[in-house]
Amino acid sequence: RSMDIVESNMLLPFDNQNAYRIEQANIVQEKRDIKVCEYFALINGRMLLIEAKSSSPRPENKIKFDEFIDEISQKFIDTLLLFNALSIGRHGEAERNNLPTNIQQIPLANVQYAMYLIVHGNEIEWMEPILAALKLKLKHCLKSWNIQDINVYAINHETAKTKGLIKEYLPLDVLNAFKKRGLQNEELKNEVENWFKENSEYGK
């Protein structure tokens, strides 16, 4: 059954037969030091680790930019490790059985991974330094897991929609209008969800 997700001002398709919201796993809820992506999904034979963000710092702001890259890298690494740990039952059969059957049945040795960071609102050219920094930070992990760095992606909302990774995104002028009204946190989240309910198939 498909059940779309609103995350970071974007509508992400979620097929619960082939995807798992790793952030909702008990082990993640219990141990706050584990950082994970929004979800992973088995799509066209590849395991996609998907992380969505509503913004990103510019490279000129080195401290915040480096913190951002560190955070995203940790999420990809922890998700990769935890997926494999869950799959082999390191956290018990109950946790393993929470994985969709299609994902439980894939041979771990042959899994082809891809890591996708999707940032809403960024210009396409802004993603290039983010991608370069991510690949550098993930270099050791990628080598250890025999993953080529061409399988790391940093894309904006427009590219993500073209690739079919998101169904729809909140237009920037609508987001700016919400912010001008002073909406923050839960209020903003509710308005964004309402927008998707009125302008897409979300919740229908």
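The values are calculated or read from the model by the stated rules, or taken from the named source; none is laboratory data. This structure is a prediction, so every number in the text was calculated from the model and none was measured. Methodologically, a virtual Cβ is constructed for each residue, glycine included, from the backbone with ideal geometry; neighbour enumeration extends over all protein chains shown. Surface accessibility is based on the protein's heavy atoms, side chains included, excluding ligands, DNA and RNA. Shrake-Rupley method; radii C 1.70, N 1.55, O 1.52, S 1.80 Å.
Round to a whole number: what % of the accessible area of the chain belongs to carbon and sulfur, probe 1.4 Å? Write out the running numbers ahead of the final one.
Values: 5150 of 11180 Å².
Whole-percent figure for carbon plus sulfur exposure: 46.
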Q: Would you please give the residues with an amide H less than 5 Å from that of Ala25, counting only those at least 5 places away or on a separate chain, with H modeled from the backbone geometry?
A: none
Q.
Can you say what percent of the DSSP beta bridges in the chain, counting only those with both residues inside, are antiparallel? Round to 5.
A. 50 percent
Q: Obtain the nm distance between the two label points defined at Ala132 and Ala94 by a simple spin-label model: each point lies 7 Å from its Cα along the Cα-to-C-beta direction.
A: 4.9 nm
Q) Excluding ligands, DNA and RNA, what is the solvent-accessible area per residue of the chain at a probe of 1.4 Å, expressed in Å²? A) 55 Å²
(Q) For Lys135, give me every one of the aspartates and glutamates with a C-alpha distance below 12 angstrom, ignoring sequence neighbours fewer than eight places off in its own chain. (A) Asp70, Asp149
Q: Calculate one ³J(HN,Hα) per residue across the stretch 48-55 by plugging θ = phi - 60° into the Karplus curve 6.51 cos²θ - 1.76 cosθ + 1.60, and present them in order as whole Hz with x for glycine and proline.
A: 9, 9, 10, 10, 10, 9, 8, 5
**Q.** Spin-label proximity, Lys139 to the stretch 62-102 - amide N less than 20 Å from point 7 Å beyond Cα toward beta carbon
**A.** 62-63, 65-78
Q. What pairs in Lys139/Lys189; Lys75/Lys167; Lys75/Lys161; Lys53/Lys137; Lys64/Lys143; Lys64/Lys179 have C-alpha atoms more than 29 Å from each other?
A. Lys139/Lys189
Q. Where does each of 105-113, 21-29, 92-100 land if you order them by average Cβ count within 10 Å, highest first?
A. 21-29, 92-100, 105-113
Q) How much length is gained if the chain between Asn185 and Asn102 is pulled fully straight, taking 0.36 nm per residue apart and subtracting their Cα-Cα distance, in nm to one decimal? A) 26.3 nm
Q: Using a cut-off of 13 Å between beta-carbons, work out the net charge of the residues near Leu81 (Lys and Arg +1, Asp and Glu -1, Leu81 not included).
A: +2
